[in-house]
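Asks: Mind looking over this structure? Questions follow.
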Amino acid sequence: MFKVKHLIILVFVAALGIAGCKSRFEKLRASNDVAKKYQEALRLYNKRDYSKALVLFEDLSQKYRGRAEAEDLNYYYAYTLYRLSDYTTARYQFKSFADTYPASKNAEEARYMGAYCYYLESPTFSLDQENTYKAIDALQLFVNLYPTSDRAAAASKYIADLRGKLEDKAFENAKMYLTTGPSNVDNYRAAVIALKNAQRDFPDIKYAEEMDYLMIKSQYLYAKNSYVFRQEDRYNEAISLYTEFTENHPDSKFTKDAKQVKQDIDAGLVLTKQELADFAVEQAKYKEMLIRTGKLKDTTVNKTDIKNK
């Protein structure tokens with residue numbers, strides 16, 4: 001019985017202690033003692049109690065405006081947001097710090113952290129890449145402003161990572177046209193264009209070899225599914241793409257697949273020429289029948305008539 005009562009008392013005392021701590025924080029928060037509030041905010045920050053520190057820093061950011069202490073306060077305020085993973089607000093605060101205090105010893109770090117927050121907000125490649133482009137711009141600006149900084153190498157690495165993400169998106173978008181080709185023949189042509197554009201935008205794209213092969217395949221399927229009168233030119237364009245592929249990638253892992261597509265192209269060309277020849281014969285027969293029945297006037301010019309003119 002004594003142990004039960006003792007436990008109840010301990011719990012009650014602990015609850016009072018927690019309530020007391022909370023009341024002290026709320027009391028300080030409501031006070032006008034900015035100096036004490038600032039020291040408490042720093043203490044909470046160093047204790048990694050960032051949620052409470054943020055409450056005080058947000059309040060102090062208005063009251064310290066224009067004062068000498070504002071520089072350090074805004075520096076910690078930005079980092080508190082960063083520690084709480086509020087990267088959108090943190091990058092704004094870091095940029096604001098760097099713009100407001102360009103001569104500060106922390107200006108370079110703040111500029112870097114603002115760009116890094118953009119990097120952290122860059123989504124997976126399948127989503128909209130607006131923040132990725134903004135991150136690249138911000139990181140490149142940092143490198144341009146601080147080319148000799150120790151952080152410049154890290155910024156350059158992040159830029160490379162982000163560009164890789166854009167390459168992934170460009171490649172997947174191009175392949176999507178090829179995948180949806182059966183439902184719309186024009187998507188095969190769109191795939192060729194998208195693959196070429198991706199290589200133009202990213203000259204060193206890691207998918208170049210596969211993209212060159214997919215261009216051959218896309219152009220072949222575009223030709224195969226076109227009207228017969230358009231096929232020959234489109235097959236010939238596929239052959240040109242195949243020739244470029246073999247010249248640029250003589251030892252490609254896609255060589256076997258590319259050769260198979262080339263065989264299909266050649267077979268398609270033979271069939272197309274035969275169909276066109278058959279059509280020409282049928283057309284000639286039909287025209288002859290119309291002339292014979294008087295439904296069409298024979299416009300053939302007699303060579304003897306030409307000599308007599």
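Asks: State all residues of region 134-164 that are of a type in the set (Lys, Arg) and more than 20 Å from the chain's Cα centre (by Cα); if no residue qualifies, say none.
Replies: The answer is Arg151, and nothing else.
Asks: Of the residues in region 131-142, how many are over 22 Å from Phe171 (Cβ atoms) and buried (at least 20 other Cβ atoms within 10 Å of the Cβ)?
Replies: 3
Asks: Could you say which residue among Gln93, Gln62 is polar (S, T, N, Q) and surrounded by fewer than 14 Cβ atoms within 10 Å (Cβ to Cβ)?
Replies: Going through Gln93, Gln62 in turn, just one is polar (S, T, N, Q) and surrounded by fewer than 14 Cβ atoms within 10 Å (Cβ to Cβ): Gln62.
Asks: So which residues in region 93-125 are under 15 Å from Asn74 (Cα atoms), free of Cβ contacts under 8 Å to residues at least 24 places away in the same chain and within 22 Å of the chain's Cα centre (by Cα), if there are any at all?
Replies: Correct list: empty.
Asks: Looking at region 165-173, is at least one residue within 17 Å of the chain's Cα centre (by Cα), within 19 Å of Phe245 (Cα to Cα) and either buried (at least 18 other Cβ atoms within 10 Å of the Cβ) or not assigned by TED's automatic domain parsing to the domain that holds Thr243 (or both)?
Replies: Yes, the conditions are met somewhere in region 165-173.
Asks: What number goes with the only condition from (1) loosely packed, with under 13 Cβ neighbours inside 10 Å; (2) touching a residue at least 24 places away in the same chain (Cβ under 8 Å) that Lys256 does not pass?
Replies: All conditions pass for Lys256, except number (2).
Asks: Going by the conditions given, is Phe202 surrounded by 15 or more Cβ atoms within 10 Å (Cβ to Cβ), closer than 20 Å to Glu167 by Cβ and touching a residue at least 40 places away in the same chain (Cβ under 8 Å)?
Replies: Taking the combined requirement at face value, the residue does not satisfy it.
Asks: Now, a different point. Would you confirm whether any residue within region 36-48 is in the same structural domain as Ala90 (by TED's automatic domain parsing), at pLDDT 50 or above, out of contact with any strand residue (DSSP E or B) (no Cβ under 6 Å at 6 or more places or on another chain) and not in a helix (DSSP H, G or I)?
Replies: The answer is yes, given that some residue of region 36-48 is in the same structural domain as Ala90 (by TED's automatic domain parsing), at pLDDT 50 or above, out of contact with any strand residue (DSSP E or B) (no Cβ under 6 Å at 6 or more places or on another chain) and not in a helix (DSSP H, G or I).
Asks: Evaluate region 104-124: report whether one residue or more is in contact with a Pro (Cβ under 9 Å, 6 or more places away or on another chain), not assigned by TED's automatic domain parsing to the domain that holds Phe202 and not basic (Lys, Arg).
Replies: Within region 104-124 (the criterion being in contact with a Pro (Cβ under 9 Å, 6 or more places away or on another chain), not assigned by TED's automatic domain parsing to the domain that holds Phe202 and not basic (Lys, Arg)), the answer is no, since none of the residues qualifies.
Asks: Of the residues that make up region 229-252, is at least one in contact with a Leu (Cβ under 7 Å, 6 or more places away or on another chain), of a type outside the set (Ser, Thr, Tyr), at pLDDT 95 or above and surrounded by 15 or more Cβ atoms within 10 Å (Cβ to Cβ)?
Replies: No.
Asks: Turning to a different aspect of this structure: Of all residues in region 110-130, count the ones that are surrounded by fewer than 20 Cβ atoms within 10 Å (Cβ to Cβ) and assigned to a helix (DSSP H, G or I).
Replies: 3
Asks: Suppose we filter Thr124, Thr179, Thr100 for residues that are within 30 Å of Ala53 (Cβ to Cβ), of a type outside the set (Gly, Ala, Ser) and at pLDDT below 95; which single one remains?
Replies: Of the residues listed, the single one that is within 30 Å of Ala53 (Cβ to Cβ), of a type outside the set (Gly, Ala, Ser) and at pLDDT below 95 is Thr100.
Asks: A further question follows. Exactly one of (1) on the phi > 0 side of the Ramachandran plot; (2) in contact with a Lys or Arg (Cβ under 6 Å, 6 or more places away or on another chain) is unmet by Arg48. Its number?
Replies: All conditions pass for Arg48, except number (2).
Asks: Let me ask something else about it. Which is surrounded by 13 or more Cβ atoms within 10 Å (Cβ to Cβ) and at pLDDT 90 or above, of Leu296, Leu214?
Replies: Of the residues listed, the single one that is surrounded by 13 or more Cβ atoms within 10 Å (Cβ to Cβ) and at pLDDT 90 or above is Leu214.
Asks: If Pro147 satisfies every condition in (1) farther than 30 Å from Arg67 by Cα; (2) in a loop (DSSP other than H, G, I, E, B); (3) touching a helix residue (DSSP H, G or I) at 6+ places or on another chain (Cβ under 8 Å) but one, which is the exception?
Replies: (3) is the only condition that Pro147 fails.
Asks: While we're looking at this one, here's another question. What are the residue pairs meeting all of these: first residue in region 24-37, first residue closer than 14 Å to Ala53 by Cα, second residue aromatic (Phe, Trp, Tyr) and modelled with pLDDT of 70 or more, Cβ atoms under 9 Å, and 6 or more apart or on different chains?
Replies: The qualifying pairs are Val34/Tyr64.
Asks: Within region 226-264, how many residues are of a type in the set (S, T, N, Q) and in contact with a helix residue (DSSP H, G or I) (Cβ under 7 Å, 6 or more places away or on another chain)?
Replies: Residues flagged as of a type in the set (S, T, N, Q) and in contact with a helix residue (DSSP H, G or I) (Cβ under 7 Å, 6 or more places away or on another chain) within region 226-264 amount to 4.
Asks: Take residues that are polar (S, T, N, Q) and outside the structural domain of Ala160 (by TED's automatic domain parsing) and tell me which of the helices (runs of 4 or more DSSP H) falling wholly in region 176-294 contain 3 or more.
Replies: Answer list for region 176-294: 186-201, 228-248, 255-292.
The values are calculated or read from the model by the stated rules, or taken from the named source; none is laboratory data. No experiment lies behind these values; they were computed from the predicted model shown. Using ideal geometry, Cβ is built from the backbone for each residue, glycine included, and neighbour counts are taken over all protein chains shown.
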